[in-house]
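*Asks:* There's a structure below that I have some questions on.
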Amino acid sequence: MASTLEKFIHSLDLRALPRVLQIQSGIYCQGSVYEMFGNECSLSTGEVIKVIGFKINKLIATICENNEGSQFSAKVELPLNFPGLYKVVADKTPYISIGEIARKFSIGPTRFGHPCFYSAEDIKLANFTIKHGEQITFNSVEEVNGTMAVNCVLVRNNQSHSFTLPLSQEGEFYECEDDQIYTLKEIAEWKIPKCRNRTVKLSNTLHMWDSSSPLPENFDGCLILMPVYEVQAVMKFRKDIVHILSDLDVEVKDITDCYDIGSFLQPLSLEDIFERTSKEFPVVAEIMEGPSGSQKPYNLLSTGKEIVIYRKYQAARVLASEMRSDSSKRHFLIPMSYKGKFKRRPREFPTAYDLEIARSEKEQLHVVATKAFISPHKELFSVSVGDQFLVQQCQTSEVLYEGRKKLIDVLACEQILSDSYKKVFLPMYMEGGFVEVIHDKKQYHLSEICKEFHLPFNVKVSVRDLSIEEDVLAAAPGLQFEEEITDSYLLISSASSPVESWEIPVYRSDMLVHLLSKDVQTAVPPVTRTTVEEVSKEEYYMLRRYENLTLHPPPRPPKKPT
């Protein structure tokens, strides 16, 4: 039975892909208007295409000046790269079954694909009862004992309980509130359920408002997002990916069950390649859709080029930011293979508590006060601008408070005088300002800094990496090494001239390939080129956000006695 392309997409279950469609009522445009979307595409009646995926191409946003559903104003078109971070507003319309949730949401395996719901009624399982209102996290969909089910996790009394819910499980399920923040692209890919709109609230604009912005100045209301989909398809005699907007005026018929789907090329994302076992490498692949970017190696990965993928692995990177006060601060991921050298730059500390966190056994921390502080207790020291201190250790001290003696946490320091030292105590709650005095003139490699010092750590490039054509780090006025992270990479080289290999980040490279049945000339990759990856503001916030989820935050600074 024929239907419009738009109706087909809205009824399609992602897990049913790929699907083979025959065009029942086609369209032909000479010169093609679809060039603006990256591919020329003419669909003639009777033509056969294989749909391999679909994604949201753009969003139509209804601006709500007040809150979620009131006082609509205008509708604007937002590209997926529109800057800003957003909070998702939980949908108040219930889902009637687990199967409906599985059809309409992208579930697993990445960190975005774990939607959370609660049931309006208790659900009794064989050896476990889910109480109404308890948060259920959906992790993956798989077949269990011949029945399709969702693997779920529920945390109760700090204990995690794992169980499965069949897709046939009926009930009244509501979305849980989500306290995370997302970019529009992440929301489009993971947080907009099929056949529903999504309400979001702006959390952070990431840039200064200007007159070209489609949103009102100082906007703090909600946006109701309606998606426009883009179909990714493979045509019978083409080696590239065709992109077709879902509102294109064509009728299609699903002929998957009576067509040899293996006669089409099989496009694979880098995530698909990474999921292969290590024994399946190396492989030869042809690029069907290259990544964006003009710097090496992305400018070498053009459509039609053959590459060798040698292996997959996890690699360490240091996340660094330029030390600038303006909004044009850049962010980088630096590999441990970086051959340049760094000199230390002074760190700044807003409180005495930060001094305690930063001090180390390796060397004594020497600081200068940049802000005055008058102590409310005569037993503790009052700081003047320019006072210099050697930080020693945290301890407790007795102070007189409202006529009674009380123990409080203090930071023991030595004040540096012209010809002597004086032992003083600074209250840990002290809000002042200190800047580090650097005596160390040594030049360090990146690995040495990570081994010998605690991050964050301030540096400047003193010797650039000569193996890189243009070392972007050398031009930075200063860098703060914020944290060490681990990420997923594929090692690749050109198949025709394998003189050097490159590390390609799996989750930040939008690239599609298909595997070739060719033998790899040598399983040993050529020399790996060092690449400093510059990440966007959105990518930076995502890296920091998810890396910090695994860290326990430091205890809150002690409060000033009242």
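Nothing in this text is a laboratory measurement; each read-out follows from the coordinates by a stated rule. The shown structure was predicted, so the numbers you read here are calculated from the model rather than taken from an experiment. Note that each Cβ is placed from the backbone with ideal geometry, even for glycine, and that neighbours are counted across all protein chains shown.
*Asks:* Note down, for the range 91-176, the three equivalent ellipsoid semi-axes (square root of 5 times each alpha carbon gyration tensor eigenvalue), biggest first, whole angstrom.
*Replies:* 16, 15, 14
*Asks:* Here's another thing I want to ask about it. In square nanometres, what is one fourth of the surface area of the convex hull spanned by the alpha carbons of the chain?
*Replies:* Mean orientational projected area (the chain, Cα hull): 34.7 nm².
*Asks:* Also: Out of the GluC sites (Glu not before Pro) in the range 136-231, which ones are loop residues according to DSSP with at most 15 other C-beta atoms within 10 Å? Spell out each step's value before the answer.
*Replies:* Numbers: sites: Glu142, Glu143, Glu170, Glu172, Glu175, Glu177, Glu186, Glu189, Glu217, Glu230; in loops: Glu177, Glu217.
When the GluC sites (Glu not before Pro) of the range 136-231 are filtered for loop state and at most 15 Cβ neighbours within 10 Å, Glu177, Glu217 remain.
*Asks:* Under 12 Å from the Cβ of Glu470, count the other residues' Cβ atoms, weight Lys and Arg +1, Asp and Glu -1, and hand me the total.
*Replies:* Its environment carries a net charge of -2.
*Asks:* Tally Lys/Arg at +1 and Asp/Glu at -1 over every other residue whose Cβ is under 14 Å from the Cβ of Val51; what's the total? Spell out each step's value before the answer.
*Replies:* Details: positive: Lys7, Arg15, Arg19, Lys50, Lys55, Lys236, Lys253; negative: Glu6, Asp13, Glu47, Glu230, Asp254.
Result for the neighbourhood of Val51: +2.
*Asks:* OK, next. Tally Lys/Arg at +1 and Asp/Glu at -1 over every other residue whose Cβ is under 10 Å from the Cβ of Pro94; what's the total?
*Replies:* Numbers: positive: Lys92; negative: Asp91, Glu100, Glu172, Glu175.
Around Pro94, the surrounding residues sum to -3.
*Asks:* Please list, in chain and number order, the residues 5+ apart from Lys371 or on another chain whose amide H is under 5 Å from its amide H, with Hs placed from the backbone.
*Replies:* Correct list: Gly386, Gly433.
*Asks:* Follow-up. Trypsin sites (Lys or Arg not before Pro), restricted to the range 474-540: which are DSSP loop and have at most 14 other Cβ atoms within 10 Å?
*Replies:* Lys518
*Asks:* Given the pairs Lys442/Lys537; Lys339/Lys460; Lys185/Lys239; Lys58/Lys194; Lys305/Lys339, which span a C-alpha to C-alpha distance of over 20 angstrom in this model?
*Replies:* The answer is Lys442/Lys537; Lys185/Lys239; Lys305/Lys339.
*Asks:* Let me ask something else. Could you give the Stokes-Einstein D for the range 348-436 in µm² per second, using the C-alpha Kirkwood radius, 25 °C, 0.890 mPa s?
*Replies:* Estimated diffusion coefficient is 186 µm²/s.
*Asks:* To continue, here is another question. So what is the 222 nm mean residue ellipticity for the chain from helices alone, if each DSSP H run of at least 4 adds -39500 (n - 2.57) and you divide by all residues, rounding to the nearest 500 deg cm²/dmol?
*Replies:* -2000 deg cm²/dmol
*Asks:* Taking the chain as the reference, fit the longest principal axis to its C-alpha atoms, fit the long axis of helix 537-548 to the helix C-alpha atoms, and give the angle between the two in degrees, 0 to 90, nearest 10.
*Replies:* Orientation of helix 537-548: about 70 degrees from the principal axis.
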